[in-house]
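Comments concern the structure below.
No value in this document is a laboratory result; all are computed from the given coordinates. Not measured: the values here are computed from a predicted model. A quick note on method: Cβ atoms are made from the backbone with ideal geometry, for glycine too, and the neighbour counts reach across all protein chains shown.
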Amino acid sequence: MPWVPPELRLVCLDIDDTLIDFSAAGRRSLAALIGRIDLWPLWERITDEHVARVVAGELDYGEMHVRRSQAFLAELGALVDATDVLQFEARRKEMLRRSWRLFDDVLPCLEWLAAAGVRLAAVTNASGAHQREKLANLGLLGFFDHVAIAGEVGVAKPDPVMFHSVCVEVGCEPAEAVHVGDKLETDAVGARDAGLGGVWLNRGGAAKDVPAGVHVVCGLAELPELLVCEFARVGVPLPR
Ligand SMILES: [Mg+2]
């Protein structure tokens, strides 16, 4: 039997830096809070160290947020007590909430996918309430059939269980799904290894070697064409 490409029933999308310009919001909020624009790399380094501790099961996200701010303020040499840290973190979160913006290509892409009859899932490695609130505040929640949050599923991308749990929830096979995200390994390679189509969203045009079997788009405007080319049919057939 010749190989027949599968139908596409499910598109999974990462949230931060895929749908929402999260890094820009983080940079703006931090700069506004401390009055300096040069400390984002330090904040990112401390964030990576603390997220690794969450993934290792040493901290939950709530503890991580406070400890990250504590470590950041300590690096600045600020003499702070526990109350100062909590105040800094509360102000940072409030500023961040007011800074979230969608990328311009998000709504046209989601409208196209919805019109094509594809099921949609948001798949994120961050924590719960905060991610749903972001989607709701930006008017996106209604597009999604399912929101998979690592803190609730108990595993995180690139663990295949994360991707398979979404397929089970929506009722499709991994081969009938793609996942799109801004992190090459966590999103695209992870999805490919789990049997889904893996799409790396390379918004910044980073020069990286892309592993075999991973697709690349530079913006979500390129996604419909890629899906139409790769799958036998996009979306479920409409009733006659
Ligand atoms: Mg992301």
Short version: what are the Cα gyration tensor semi-axes of the range 1-92, square root of 5 times each eigenvalue, largest first, in whole Å?
-> 36, 17, 11
Given Cβ charges of +1 for Lys and Arg and -1 for Asp and Glu, the option among W40, A82, H50 whose Cα lies farthest towards the positive end of the dipole of the range 22-99 is W40
Furthest towards positive pole of dipole, P174, L107, L8, structure part the chain, Cβ charges = L107
Among W100, W200, W43, whose mean-square fluctuation peaks in a Gaussian network model of the chain (Cα, cutoff 10 Å)?
-> W43
Quick one: among V178, V153, V189, which has the greatest mean-square fluctuation in a GNM of the chain with alpha-carbon springs under 10 angstrom?
-> V153
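Given all pairs of different Cα atoms, what value in angstroms does the Kirkwood hydrodynamic radius of the chain take?
Working: mean 1/r = 0.0527 Å⁻¹.
In the chain this quantity evaluates to 19.0 Å.
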With Cα coordinates, the longest principal axis of the chain makes an angle with the long axis of helix 160-170, in degrees rounded to 10, of 60 degrees
Counting other beta carbons within 10 Å of each Cβ, put K93, K183, K157 in order, fewest first.
-> K93, K183, K157
Cross-link reach list, lysines versus K157, counting only Cα pairs under 23 Å and skipping chain neighbours closer than eight places = K134, K183, K208
Given the options D104, D38, D145, which has the most mean-square fluctuation in a GNM of the chain, springs set between C-alpha atoms less than 10 angstrom apart?
-> D38
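Among DSSP bridges having both ends in the chain, what percentage is antiparallel? Round to the nearest 5. Show your work: numbers first, answer last.
Details: 1 of 24 bridges.
Beta bridges within the chain, antiparallel portion: roughly 5 percent.
Suppose every Lys and Arg Cβ carries +1 and every Asp and Glu Cβ carries -1, with no other charges. What dipole size does the chain come out with about its Cα centre, to the nearest 20 debye?
Working: 24 positive and 35 negative charges, 103 e Å.
Dipole of the chain, to the nearest 20 debye: 500 debye.
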Among V234, L223, T186, flag the residue with its Cα farthest along the positive direction of the charge dipole of the range 182-240, charges on Cβ as +1 for Lys/Arg and -1 for Asp/Glu.
-> V234
Using alpha carbons only, how many degrees (0 to 90, rounded to 10) separate the axis of helix 106-115 from the longest principal axis of the chain?
-> 30 degrees
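Let me know the shape class of the range 119-240, please: from the alpha-carbon gyration tensor, a ≥ b ≥ c as square roots of the eigenvalues, rounded when a/c is under 1.5, otherwise prolate if a/b is greater than b/c, or oblate. Don't skip to the end; give the middle numbers.
Numbers: a/c = 1.33, a/b = 1.09, b/c = 1.22.
Taking the square roots of the gyration eigenvalues as a ≥ b ≥ c, the range 119-240 is rounded.
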Principal axes first, then extents: for the Cα atoms of the range 51-116, list largest minus smallest coordinate on each axis, whole Å, largest first.
-> 54, 29, 17
So the angle from the long Cα axis of helix 128-137 to the longest Cα principal axis of the chain, reported in degrees to the nearest 10, equals 70 degrees
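Give me the dipole magnitude in Debye, nearest 20, for the range 11-94 about the Cα centre, with unit charges on the beta carbon: positive for Lys and Arg, negative for Asp and Glu. All intermediate terms of the calculation are to be shown ahead of the outcome.
Values: 10 positive and 16 negative charges, 54 e Å.
So the magnitude is around 260 debye.
Could you please rank F144, F163, placing first whichever residue has the fewest other Cβ atoms within 10 Å of its Cβ?
On the way: F144 20, F163 28.
Sorted ascending by nearby Cβ count, the order is F144, F163.
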